[in-house]
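The structure appears right after this line, and notes come after that.
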Amino acid sequence: MRSWSIHIGRLFGVEVRLHLTFLILPLFIFWTEYTVHPAVVGSRVLALVGIVLAGVSVHEIGHILVARRFGVTAKAIILLPLCGVTDSDESHPEVSQVRGAELWSREFRIAIFGPLMNLAFAAISAVTVFLAIPGIDLWQWPFFTSANLPRSLVWANIYLAGLNLLPAYPLDGGRILRANFARTFDSTAATRRAVSISHAIAMVLMVAGLFSNTWLTMIGVIIFAAAQLEERAVMFQSVLDNVRLEEVMLTDFATLSPADTLVDALDKAVHSLQDDFPVIRGSDMVGVISRQRILEALRMEGNGYVQSVMNKLFEVSLRQESLASAFRKLTSRNLSIIPVVEDQRLVGIVTLQNLMHSMSLLAESRKLKRAERNS
Ligand SMILES: [Zn+2]
């Protein structure tokens, strides 16, 4: 989802990105306004877009501030045309291992504060508009129009609150629903259920919009696409959580000895596809070294021993550990290889390069097994 967005600034220390689909909004507003009154002014359409952008931002601030109280720090918020998506860092074990009732209460509070912020903002703007422009009629149809920007400011926020409360995942109402499912089902099944309901709601909106207000169709399309994207992200996370290292680790790999010279080491490296090597003394693992490091050392200091150049600081994992935990170790410490041990004995290695590769193979092999079982 990040890849289709651009950086536009920072809010409360959180990166704000605009999803490219947001650009549909000005075009859509211009078109709907044009069909009502052809003398529509471009700058007023842009002001309307600004009003929606402000509403979505206020909404996301609500989520960020409450999430922070639960220790969930947002890395970035991505603004979509009518809602936002928070890209949170849930890698902290205390945060990611929350389940059941605790998860439900956390998700509920984080979700509900987005719409609440919109309602608060709508109330404040209503009072301000009322005081600034005496005699303005906030109850006059249409509520959202380029012809009356102050009224649109108030109603845009009420609409945003209402829209986000729909039980259509990944909108806030849908998140609450999913957290509720997660009390009885595992996270993947809970997401699947929430996504099917979301797709059904999106379909109804799309069809209803064709016979009434085109905004409904547009909202339906956005919900449909967003649900699809979120489902994929959750599925990916579930693979990371459920695959054990023993399923993907390399078991056929080359090792080096600390007493090897760098020239010997390079010679072994030439005959292997590995970029990183565990260094073994007897049955003990004593360090790791990369092909790159061997070359650098040879170039800078000439021939020497692996012992003096190898990296002695490394992290090991157990074979039952999840892929998610290995990924965290690799990325948080900028490692390139993780030795997998059992009873202090080296039984495999995991590298970033091999993870990417094995993941796709594993997906294929699981698919084949499932097909076999079904036939
Ligand atoms: Zn929200």
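For region 326-367, enumerate the residues that are assigned to a helix (DSSP H, G or I) and in contact (Cβ under 8 Å) with a residue 60 or more places away in the chain.
As a first pass, look at region 326-367 and keep what is assigned to a helix (DSSP H, G or I): 326-332, 352-367.
The answer is A326, F327, R328, S332, Q353, N354, L355, S358, M359, L362, A363.
If you scan region 49-71, which residues turn out to be part of a loop (DSSP other than H, G, I, E, B) and under 15 Å from D172 (Cβ atoms)? Break it down into steps so the answer makes sense when it comes.
Kept after step one, since they are part of a loop (DSSP other than H, G, I, E, B), are these residues of region 49-71: 70-71.
Correct list: empty.
Being at negative phi and either touching a helix residue (DSSP H, G or I) at 6+ places or on another chain (Cβ under 6 Å) or outside any helix (DSSP H, G or I) (or both) is the filter here; which residues of region 294-311 pass it? Steps first, please.
Residues of region 294-311 that are at negative phi, as a first pass: 294-301, 303-311.
Across region 294-311, the qualifying residues are I294, A297, L298, N303, G304, Y305, V306, V309, M310, N311.
So which residues in region 38-67 are closer than 30 Å to R106 by Cα and either away from the ligand (no atom under 12 Å from the Cβ) or of a type in the set (V, I, T) (or both)?
Narrowing region 38-67 to residues closer than 30 Å to R106 by Cα: 51-67.
Of everything in region 38-67, those that are closer than 30 Å to R106 by Cα and either away from the ligand (no atom under 12 Å from the Cβ) or of a type in the set (V, I, T) (or both) turn out to be I51, V52, L53, A54, V56, V58, I61, I64, L65, V66.
Show me the helices (runs of 4 or more DSSP H) entirely contained within region 145-258 in which 2 or more residues are over 25 Å from F113 (Cα atoms) and in contact with a Phe, Trp or Tyr (Cβ under 9 Å, 6 or more places away or on another chain).
Ranges flagged: 187-211, 214-242.
Does region 2-11 include one or more residues that are within 16 Å of the ligand (Cβ to nearest atom) and at pLDDT 80 or above? Working first, answer last.
To start, the set of residues in region 2-11 that are within 16 Å of the ligand (Cβ to nearest atom) comprises 11.
Cutting the leftovers down to at pLDDT 80 or above gives us 11.
Among the residues of region 2-11, at least one is within 16 Å of the ligand (Cβ to nearest atom) and at pLDDT 80 or above, which makes the answer yes.
For region 274-314, give me each residue that is loosely packed, with under 13 Cβ neighbours inside 10 Å, free of Cβ contacts under 8 Å to residues at least 60 places away in the same chain and under 18 Å from I338 (Cα atoms).
R281, Q292, K312, L313
Within region 248-269, track down each residue that is without any contact (Cβ under 8 Å) to a residue 40 or more places away in the chain, surrounded by fewer than 19 Cβ atoms within 10 Å (Cβ to Cβ) and closer than 17 Å to Q353 by Cα.
D252, A254 - these are the residues of region 248-269 that are without any contact (Cβ under 8 Å) to a residue 40 or more places away in the chain, surrounded by fewer than 19 Cβ atoms within 10 Å (Cβ to Cβ) and closer than 17 Å to Q353 by Cα.
In region 100-137, which residue that is more than 13 Å from the ligand (Cβ to nearest atom) and charged (D, E, K, R) is surrounded by the most Cβ atoms within 10 Å (Cβ to Cβ)? Can you show your working first?
Taking region 100-137 and keeping what is more than 13 Å from the ligand (Cβ to nearest atom), we get 100-106, 120-137.
If we keep only those that are charged (D, E, K, R) as well, we get 102, 106, 137.
Details: E102: 11, R106: 19, D137: 7.
Across region 100-137, the extreme among qualifying residues is R106.
Kindly evaluate M218 against the criterion of being open to solvent by 30 Å² or more (accessible area, probe 1.4 Å) and farther than 19 Å from F314 by Cβ.
Values: open to solvent by 30 Å² or more (accessible area, probe 1.4 Å): no; farther than 19 Å from F314 by Cβ: yes.
Here the answer is no, as M218 does not meet what is asked.
Please count how many residues of region 33-48 are part of a helix (DSSP H, G or I) and open to solvent by 20 Å² or more (accessible area, probe 1.4 Å). Show your work before the answer.
If we filter region 33-48 for residues that are part of a helix (DSSP H, G or I), which is where we start, we get 33-36, 42-48.
Still in the list and also open to solvent by 20 Å² or more (accessible area, probe 1.4 Å): 34-36, 42-44, 46-47.
Looking only at that region, the number is 8.
Which of the residues spanning region 68-85 are under 14 Å from F113 (Cβ atoms), more than 11 Å from the ligand (Cβ to nearest atom) and either over 15 Å from the mean Cα position of the chain (by Cα) or in contact (Cβ under 8 Å) with a residue 60 or more places away in the chain (or both)?
Within region 68-85, R68, R69, F70, A74 qualify.
For region 143-160, how many residues are surrounded by fewer than 21 Cβ atoms within 10 Å (Cβ to Cβ) and either of a type in the set (A, V, I, L, M) or under 23 Å from the mean Cα position of the chain (by Cα) (or both)?
3
Kindly list the number of the only condition in (1) within 16 Å of the ligand (Cβ to nearest atom); (2) closer than 18 Å to A225 by Cβ; (3) surrounded by fewer than 22 Cβ atoms within 10 Å (Cβ to Cβ); (4) not polar (S, T, N, Q) that fails for A194.
For A194, the exception is condition (3).
Among the residues of region 167-191, count how many are buried (at least 20 other Cβ atoms within 10 Å of the Cβ) and farther than 13 Å from E107 by Cα.
Residues flagged as buried (at least 20 other Cβ atoms within 10 Å of the Cβ) and farther than 13 Å from E107 by Cα within region 167-191 amount to 3.
The values are calculated or read from the model by the stated rules, or taken from the named source; none is laboratory data. Only a predicted model underlies this, so the values are computations on that prediction, with no experimental measurement involved. Methodologically, a virtual Cβ is constructed for each residue, glycine included, from the backbone with ideal geometry; neighbour enumeration extends over all protein chains shown. Note: accessible area is taken over every heavy atom of the protein model, side chains too, but ligands, DNA and RNA are not part of it. Shrake-Rupley method; radii C 1.70, N 1.55, O 1.52, S 1.80 Å.
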